[in-house]
1. Any residue that is part of a loop (DSSP other than H, G, I, E, B), surrounded by 15 or more Cβ atoms within 10 Å (Cβ to Cβ) and either without any contact (Cβ under 8 Å) to a residue 12 or more places away in the chain or away from the ligand (no atom under 16 Å from the Cβ) (or both) - is there at least one of those in region 100-116?
2. Quick one: which residue in 133, 93, 119 is of a type in the set (Asp, Glu), exposed (fewer than 14 other Cβ atoms within 10 Å of the Cβ) and either under 23 Å from residue 32 (Cβ atoms) or over 19 Å from the mean Cα position of the chain (by Cα) (or both)?
3. Among the residues of region 3-34, which ones are of a type in the set (A, V, I, L, M, F, W, C), within 17 Å of residue 135 (Cα to Cα) and either over 12 Å from the mean Cα position of the chain (by Cα) or surrounded by fewer than 12 Cβ atoms within 10 Å (Cβ to Cβ) (or both)?
4. State which residue pairs qualify: first residue free of Cβ contacts under 8 Å to residues at least 12 places away in the same chain and inside region 37-53, second residue within 14 Å of the ligand (Cβ to nearest atom) in any location, beta carbons under 6 Å apart, and separation of 6 or more residues or different chains.
Amino acid sequence: MEKPILVESVRYSAVCQECGAETELCGVQALVGEALRWDVESMCPACGFALAVCDGDLPEDLRARLLSEHGRARLQVAPQTRNAAIMRVLRAELCIGLDDVRAVLEQVLTGRYSGTLPEVELLARKLRASGIEAAASRTVE
Ligand SMILES: [Zn+2]
């Protein structure tokens, strides 16, 4: 089964931590198979200081930049699907408890669950792997 790589990126400027010159950063979030990755890279044009960060969770500021640049993606599931199966996937993927998963399920069923496209596409892939018809779609707002 083909698992295409999905990439979203954003460019923004920041101040070089070495020399203080303005430098351009490139932030990327990617879905590779069933793994979310991210990194931020920059190369200072003034002093050549190179930065590459990719550890741990996606930083909130990068997530905010991606959302404001590309907009939110929404998770869509076919209305006739079984809720218990969706909840199982949500609990496993989002690491949330039974109480929280009901609120998230409500968001999913009403088409209000959203995030970056790689995040939502990952959930859609997991749901499809469990036999649930699901898709990520970009909202235009
Ligand atoms: Zn510099």
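The values are calculated or read from the model by the stated rules, or taken from the named source; none is laboratory data. Model, not experiment: these values are computed from the prediction. No Cβ is skipped: glycine too gets one built from the backbone with ideal geometry, and neighbour counts run over all protein chains shown.
1. Going through region 100-116, the residues part of a loop (DSSP other than H, G, I, E, B) turn out to be 110-113, 116.
Retained after the next criterion (residues that are surrounded by 15 or more Cβ atoms within 10 Å (Cβ to Cβ)): 113, 116.
Filter once more, keeping what is either without any contact (Cβ under 8 Å) to a residue 12 or more places away in the chain or away from the ligand (no atom under 16 Å from the Cβ) (or both): 113, 116.
Checked against the condition, which is being part of a loop (DSSP other than H, G, I, E, B), surrounded by 15 or more Cβ atoms within 10 Å (Cβ to Cβ) and either without any contact (Cβ under 8 Å) to a residue 12 or more places away in the chain or away from the ligand (no atom under 16 Å from the Cβ) (or both), region 100-116 yields at least one hit.
2. On the way: 93 fails: exposed (fewer than 14 other Cβ atoms within 10 Å of the Cβ); 119 fails: exposed (fewer than 14 other Cβ atoms within 10 Å of the Cβ).
The conditions single out 133.
3. 5
4. 50/43
Each row is one residue, and each column tells you yes or no for (1) of a type outside the set (A, V, I, L, M); (2) assigned by TED's automatic domain parsing to the domain that holds residue 129; (3) modelled with pLDDT of 95 or more.
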| residue | (1), (2), (3) |
| --- | --- |
| 11 | yes, no, yes |
| 14 | no, no, no |
| 23 | yes, no, yes |
| 29 | yes, no, yes |
| 35 | no, no, no |
| 44 | yes, no, yes |
| 57 | yes, no, no |
| 85 | no, yes, no |
| 111 | yes, yes, no |
